[in-house]
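The values are calculated or read from the model by the stated rules, or taken from the named source; none is laboratory data. The structure displayed is predicted, hence computed values, not measured ones. Note: ideal-geometry Cβ built from the backbone for every residue, glycine included; neighbour counts use all protein chains shown. Ligands, DNA and RNA are excluded from the accessible area calculation, which covers all protein heavy atoms including side chains. Shrake-Rupley method; radii C 1.70, N 1.55, O 1.52, S 1.80 Å.
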Amino acid sequence: MSEPDSRESEGRRQVRSMAHNLAVLYIVSIVIGFALCALLLYFKLVQHIHDSGTEQLQGEISSVRALLSTPSGLHAIRQVMQAEAQGEDATNCILMRIVDRDGNVIVDCPNMRGVLPPAAFPPPGDTRSKKYHARGANYLLRTARLTDPVSESRDWRLQIGLDLTEHDQLVGVYRTYLLLFGLGAFFFAIPSSYIVVKRGLRPLDEFSGSIRTITGSRLNTRLEPARFPSEMHSVVESVNAMMARLESSFQRLSHYSGNLAHELRTPINNLMLEAEIALSQQRSPQEYQEIISSSLTEYERLAAVIDKLLFLARADNEKNDLMFEKLDAGTEVEEVVDYFSDEAATAGIALVSRVDASFWGDRTLFRRALSNLISNALAYTPAGGEVTISSSKGSNGEVEIIVADTGCGIYSEHLPFLFDRFYRAKSGSHHSGTGLGLAIVKAIMEMHNGDVSAWSRPGHGTTITLQFPKHPSLKTGGKAES
Ligand SMILES: Nc1ncnc2c1ncn2[C@@H]1O[C@H](COP(=O)(O)OP(=O)(O)OP(=O)(O)O)[C@@H](O)[C@H]1O
Ligand SMILES: [Mg+2]
């Protein structure tokens, strides 16, 4: 499988696992919820049965006490027990025995002999029922004091047991139903969870479908947040913001390539024209020499453009080697000012430097940035004007190198684009540059983690400020103003 294919299938696997995880969580939550409800109901039922058994026993105890208080009560009790033993009475789930103070049986239910021995019963003071298991059945046992009808002392004991076989059968059936319903809920939850999760994730499919339709020629497409659930609004807005950035980068890129073609075509056209003229007739060596030296100027212009473009391309790819060192800005500026002093004098412009600062930077790049600014300032300042290079400290301790001129200035509408590649503001000067100088300055400042900003007033002059951070790793902020 090729690399993109494997990446694509990996991506699909991740989406599938998200649905799978959600479905599993859904199933687990249903099963846990159901199990908790079932356990609660089950224990409630068992408790209820136990309570109603205790109540039943209490009722029987009260009935026996009431019967014993009548003259022929004991006889009646004996008859009832006989009837139960012969299976004539339906209430034979109650088994009882009356014993005197010495433990002698006065009357008992024949069915309980050998099943519920007297020792199995709790002491008479215990008001709680006792659970007892014998011969494969469960019993609820209690002991109550009875009044001996002859001596009228409370010496007799009633040992009474409730056969829980029916109750246990009921609980067993209930348990089976709960298990069956639990299994049913589990098997229902598996497909239903996948359907629910699939439906829940449908907006994601729509989202990816909408993004899939965006091509290079449709970068102005924006997604409508209202079409998606509120949880996805921030994602949709982020995608829209990304699209806006992409669109603007694409526009810049297409401007850039258009400008680049234009910038290269002009000198090449000029060179072709000169070559055609040279070849159109027989010429003297002197004339050939003149044509070649004029071509050389165009070659130099072309080489300068290509050199600037290469520098910017390397800056884009962060391939320019930086040599950071502590620079004495005063000395560096003096060197560059010296270089331009003849040009300034010829143009009749005063070039003044008042710099006292030091910062971490690359000497060659700093000189290149400063040269571009001074070259601009001299080009756009008429004779009699002044170009001043000074320094100051920014609010966050950053070092500012300021190049100010008293030239033609720049209209405010140009300021936001001043540092774009090939951008040339229409100004009063006849200087024809490539429009790459300030873009290079910006790239150099970015390499220093610094910033560059421009201020200008048409007719009064322009000030460009380079900001170097206190430490080269810290970023400074800046903007263009008018
Ligand atoms: N000091 C200034 N005064 C007035 N306008 C300026 C000044 N500096 C720059 N500009 C304007 O900004 C534009 C861009 O400047 P930039 O240095 O990038 O290009 P350039 O000077 O035209 O060409 P290059 O520097 O590549 O030879 C210039 O064309 C000019 O219109
Ligand atoms: Mg320039």
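Specify the inter-centroid distance of the range 288-358 and the range 151-204, based on alpha-carbon positions, in whole Å.
Cα centroid of the range 288-358 versus Cα centroid of the range 151-204: 89 Å apart.
Work out the FRET efficiency for residue 368 and residue 278 from their Cβ-Cβ distance, taking R0 = 45 Å, and round it to the nearest 0.05.
0.80
If packing is taken as the mean number of other Cβ atoms within 10 Å per residue, what is the order of 333-345, 177-189, 361-373, 160-172, highest first?
Sorting 333-345, 177-189, 361-373, 160-172 by mean packing, highest first, produces 361-373, 160-172, 333-345, 177-189.
Counting only pairs 8 or more residues apart or on different chains, how many lysine pairs in the chain have their Cα atoms under 24 Å apart?
23
Output the 0 to 90 degree angle, nearest 10, between the alpha-carbon long axis of helix 285-316 and the longest principal axis computed from the alpha carbons of the chain.
That works out to roughly 20 degrees.
Just for the Cα atoms in the range 3-172, what are the lengths along the principal axes, largest first, rounded to whole Å?
For the range 3-172, the Cα spread along each principal axis is 103, 31, 25 Å.
What whole-number value in Å² describes the accessible area per residue of the range 282-437 for a 1.4 Å probe?
55 Å²
Below 8 Å between Cα atoms, with a sequence gap of 6+, how large is the relative contact order for the range 324-468 in percent?
Dividing the mean separation by the residue count of the range 324-468 yields 23 percent.
Relative contact order, percent, of the chain when contacts are C-alpha pairs under 8 Å separated by at least 6 residues?
Across the chain, relative contact order equals 9 percent.
Could you give each residue of the range 244-251 its phi-based ³J(HN,Hα) in whole Hz, using Karplus coefficients 6.51, -1.76, 1.60 with θ = phi - 60°, and x for Gly or Pro?
Using θ = phi - 60°, the values come out as 4, 5, 4, 4, 5, 5, 4, 4 Hz.
Applying a 10 Å radius around every beta-carbon, put 125-136, 141-152 in order of their mean neighbour count, most first.
Sorting 125-136, 141-152 by mean packing, highest first, produces 141-152, 125-136.
Using only DSSP helix segments of four residues or longer, with each worth -39500 (n - 2.57), what per-residue ellipticity at 222 nm results for the chain after dividing by its residue count and rounding to 500?
After summing the helix terms and dividing by residue count, I get -19000 deg cm²/dmol.
Convex hull over the alpha-carbon atoms of the range 324-468: what's its volume per residue in Å³?
Considering the Cα atoms of the range 324-468, their hull volume per residue is 101 Å³.
Counting only protein heavy atoms, what percent of the accessible surface of the chain is carbon or sulfur at a 1.4 Å probe?
57 percent
Subtract the Cα-Cα distance of residue 173 and residue 145 from 0.36 nm times their separation in residues, and report this length gain in nm to one decimal.
Extra length available between residue 173 and residue 145 comes to 6.4 nm.
Please give the FRET efficiency for residue 241 paired with residue 328, using the beta carbon to beta carbon distance and R0 = 30 Å, rounded to the nearest 0.05.
Working from the Cβ atoms, E equals 0.10.
One quarter of the convex hull surface, Cα atoms only: what value does that give for the chain in nm²?
Approximately 48.3 nm², given one-decimal rounding.
What is the Cα centroid distance between the range 26-44 and the range 371-440, reported in whole angstrom?
Using only Cα atoms, the two centres lie 76 Å from each other.
Note the full-extension length gain between residue 383 and residue 350 as 0.36 nm times their separation in residues minus their Cα-Cα distance, in nm to one decimal.
Going from the current span to full extension adds 11.0 nm.
Round to the nearest 0.05 the FRET efficiency obtained for residue 101 and residue 47 when R0 = 22 Å and r is the Cβ-Cβ distance.
So the FRET efficiency works out to roughly 0.05.
Say each of residue 395 and residue 252 gets a label point 7 Å from the Cα, pointing the same way as Cα to Cβ; how far apart are those two points in nm?
Rounded to a tenth, the inter-label distance reads 2.5 nm.
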